[in-house]
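K.L.:
Quick one: the structure is below, questions incoming.
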Amino acid sequence: YYFQSEIAYYFLYY
Amino acid sequence: MFEARLAQGSIFAKVIEGLRELVTEATWECSGNGITLQAMDSSHVALVSLVLRSDGFETYRCDRNMSLGISLTSMSKVLKMMGKDDTLTIRVNDDSDAIVLSMESQNQEEFAEYELRLMDLDSEHLGIPDTDYSCVVKMPSTKFSRICRDMAILGDSVTICSTKDGVKFGAKGDVGQGSIRLNQSTNVDKEEDAVSIELREAVALTFAVRYLNMFCKAAPLSNQVNLSMSEDTPLMCEFKVGDMGHIRFYLAPKIED
């Protein structure tokens, strides 16, 4: 079973 | 004032078609260097980054930096009215709240002009770090589109495994499972038909196939697609826009629970 990660987890908001 | 003219307006129409399923509205940043756009899909799982350099346009003028909030859904509808070989000019007059799209037929006998109202959009910008990917797969974009479409029949997720010899796309679901393996091309007549793999480290990553299929809407822009991957890092799926820029899609991987 897989969990879908969010893109903002890898890229920082600025 | 902003004004950019493209002899081949169809390129711009393909860019919009490539974006509009993932993001329905977005802010275009216009500067002297060109047009850029960055947007996330509504679920914040994928991100798209577009670059169209000013030197790729036939004429380009941008007196001051502008942020233009645009409905891609509406723009797509307007661009459908453009002839296949039409020239397209995009213009935003000073103090205007609209973008003007002018289309001119090749024989200059027909000239159409449409105005779209600009939108006030909240935009969230993400910093994309420079990444040295473990693996870059280059392959024909039509082949990638076909594989993603086929994998979606089998399941919601596709696992991409890449080694130095080849790349394997696999999916499994309630109906069954399947995989397609592509070997690195050794001898091809046309470069655009080649599958090539630059690999530092083997990778195996799982992605939601629904998003990959949305990215493939940009496949008509380019004969080849680049898939850049590293473990625990978003996939970067890149289509070149002629010599003038690129569309890069980023997709967060699925993580094993």
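K.L.:
State log₁₀ I(q)/I(0) for segment B:153-238 at q = 0.12, 0.14 Å⁻¹ as given by the Debye formula over alpha-carbon point scatterers of equal weight, solvent excluded.
P.N.:
Treating every Cα as an identical point scatterer, log10 I(q)/I(0) equals -0.39, -0.54.
K.L.:
Still on this structure: With the contact rule set at Cα under 8 Å and sequence spacing of 6 or more, what percent relative contact order holds for chain B?
P.N.:
21 percent
K.L.:
I would also like to ask the following. How big is D for segment B:1-144, in µm² s⁻¹ as a whole number, if Stokes-Einstein is applied with the Kirkwood radius of its Cα pairs at 20 °C and 1.002 mPa s?
P.N.:
For these conditions, the coefficient is 131 µm²/s.
K.L.:
I would also like to ask the following. In segment B:239-257, whose amide N lies under 20 Å from the spot 7 Å out along Cα-to-Cβ of B:Lys172? List them in ranges.
P.N.:
Counting backbone N atoms under 20 Å from the label point, the list is B:254-257.
K.L.:
Using the crude model of +1 on Lys and Arg Cβ and -1 on Asp and Glu Cβ, and no other charge, please compute the dipole size for the protein assembly as shown relative to its Cα centre, in debye to 20.
P.N.:
So the dipole magnitude of the protein assembly as shown works out to roughly 860 debye.
K.L.:
While we're on this one: Can you list, bin by bin at 5 Å, the percent of alpha carbon pairs in the protein assembly as shown, starting at 0?
P.N.:
Using 5 Å bins, I get a P(r) of 1, 6, 12, 16, 18, 15, 12, 9, 7, 4, 1, 0, 0 for the protein assembly as shown.
K.L.:
Right, next: Normalising by the residue count of segment B:28-107, find the relative contact order in percent from Cα pairs under 8 Å and 6+ residues apart.
P.N.:
23 percent
K.L.:
Still on this structure, I have one more. Going down the table (B:Lys84/B:Lys254; B:Lys84/B:Lys217; B:Lys80/B:Lys168), which pairs top 28 Å between alpha carbons?
P.N.:
Those over the limit are B:Lys84/B:Lys254; B:Lys80/B:Lys168.
K.L.:
Based on the Cβ-Cβ distance of B:Arg117 and B:Arg146, what FRET efficiency does E = 1/(1 + (r/R0)^6) give at R0 = 41 Å, to the nearest 0.05?
P.N.:
Computed FRET efficiency for B:Arg117 and B:Arg146: 0.60.
K.L.:
Enter the mean projected area of the convex hull around the alpha-carbon atoms of segment B:1-78, in nm², rounded to one decimal.
P.N.:
With every direction weighted equally, the projected area is 5.0 nm².
K.L.:
Dipole magnitude of segment B:44-107 about its Cα centre, charges +1 at Lys/Arg Cβ and -1 at Asp/Glu Cβ only, in debye to the nearest 20?
P.N.:
260 debye
K.L.:
Once you mark the GluC sites (Glu not before Pro) that are in a DSSP loop and have at most 14 other Cβ atoms within 10 Å, what is the longest gap between them in chain B?
P.N.:
Counting only loop sites that pass the neighbour cut-off, the longest clear stretch is B:125-200.
K.L.:
Give me B:Phe57, B:Phe215, B:Phe249 sorted ascending by neighbouring Cβ count inside 10 Å, so fewest comes first.
P.N.:
B:Phe57, B:Phe249, B:Phe215
K.L.:
Hull surface divided by four, with the convex hull built on the Cα atoms of chain B: how many nm²?
P.N.:
Quarter of the Cα hull surface area: 15.4 nm².
K.L.:
Can you compute the charge dipole magnitude of segment B:1-107 about its Cα centre, using +1 on each Lys and Arg Cβ and -1 on each Asp and Glu Cβ, nothing else charged? Give it in debye, rounded to the nearest 20.
P.N.:
220 debye
K.L.:
Per 0.36 nm of contour for each residue apart, how much would the distance between B:Glu109 and B:Ser67 grow if the chain were fully extended, relative to their Cα-Cα spacing?
P.N.:
Full extension from B:Glu109 to B:Ser67 adds 11.8 nm.
K.L.:
For a quick check, take a GNM of chain B with Cα springs below 10 Å and name the residue from B:Thr186, B:Thr89, B:Thr24 with the largest mean-square fluctuation.
P.N.:
With Cα springs under 10 Å in chain B, the top fluctuation among B:Thr186, B:Thr89, B:Thr24 is at B:Thr186.
K.L.:
Could I ask something else about it? Over segment B:161-257, what is the relative contact order in percent, taking alpha-carbon pairs closer than 8 angstrom and at least six residues apart?
P.N.:
21 percent
K.L.:
Another question, then. Segment B:105-204: D in µm²/s via Stokes-Einstein (Kirkwood Rh, Cα pairs, 25 °C, 0.890 mPa s)?
P.N.:
Answer from the Stokes-Einstein relation: 141 µm²/s.
K.L.:
How large is the helix-only mean residue ellipticity at 222 nm for chain B, computed as the sum of -39500 (n - 2.57) over DSSP H runs with n ≥ 4, divided by its residue count, in deg cm²/dmol to the nearest 500?
P.N.:
Result for chain B, helices only: -4500 deg cm²/dmol.
Each value in this text was obtained by applying a stated rule to the coordinates, not by laboratory testing. Since the model is a prediction, treat every value here as computed from it, not as a measurement. Because the Cβ atoms are built from the backbone with ideal geometry, glycine has one as well, and the counts that use them run over all protein chains shown.
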